[in-house]
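Right, one structure below, let's go through it.
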Amino acid sequence: ISKDPNAGLLLRLLLLLIAILAWSDFGVRVFLPAVQAPHWPNPAYWVAARLAVEGNANLIYADRDVFFQQASRLGTVPDIFEANMPTTILVFLPLGVFSETTARTIWDVLLLFCYVLACALLFRALAPTGTIEIGLWALAPVFHPWRENISRGQAYPLLLLLLFIGPQLGFPRAGNPAESHSQRKRQPKPAAGPPFGASSSSQRLRDAPP
């Protein structure tokens, strides 16, 4: 591998150009069509939130045909919500006051923010070189499952962000001089998931002085 600094700079510039093209392609072929679509492909989230805002929460888990009728009344396409837990409505409740298209636009912008922040946390945890990090950012927008999630307005980018935030909140940073070697050895990587963050938080509560 060449150690010529000019070659390294050229490679970074090339990767940066690829990253710009990849994100531009995502914006043109995925994000803009999503926010300009006449209906939310999976509008059950919004329909359930709207019914709750209207005071018709009892219709959310009614017969499927009843939910379909409510979706049609609200001017959107039929979808099912019964597979989701009732607490799912809390996330979408603020969107219930908006029209379907406005709610979808707000939701898609939120999903984009969640995915970018989740990637930033992941790349920070991996601590790659600058060149590799630019390459990772170039790959991020071509990840097909995420493109599909944005197209359908699904909540998985939000769950991905919570997956990385959980352990970061639940564990102290590695390398703290005040920590013992044994304490640092027990620290998992940030990608370990929210269960480790929850267990660490409970451990802190148990170890806290009265």
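Suppose we keep only residues that are free of Cβ contacts under 8 Å to residues at least 40 places away in the same chain and open to solvent by 60 Å² or more (accessible area, probe 1.4 Å) within the stretch 30-52. Which one would you say is farthest from Pro78 (Cα to Cα)?
Leu32
Please state which one of Leu117, Leu112 is of a type in the set (A, V, I, L, M, F, W, C), under 22 Å from Leu163 (Cβ atoms), crowded, with 17+ Cβ neighbours inside 10 Å and at pLDDT 90 or above.
Testing whether each residue is of a type in the set (A, V, I, L, M, F, W, C), under 22 Å from Leu163 (Cβ atoms), crowded, with 17+ Cβ neighbours inside 10 Å and at pLDDT 90 or above leaves just Leu112.
For the stretch 53-108, how many residues are over 26 Å from the mean Cα position of the chain (by Cα), open to solvent by 50 Å² or more (accessible area, probe 1.4 Å) and among the aliphatic types (A, V, I, L, M)?
1
The values are calculated or read from the model by the stated rules, or taken from the named source; none is laboratory data. In this text, all values refer to a predicted model and were calculated from it rather than measured experimentally. Note: ideal-geometry Cβ built from the backbone for every residue, glycine included; neighbour counts use all protein chains shown. To get the accessible areas, we keep the full protein, side chains included, count just its heavy atoms, and leave off ligands, DNA and RNA. Shrake-Rupley method; radii C 1.70, N 1.55, O 1.52, S 1.80 Å.
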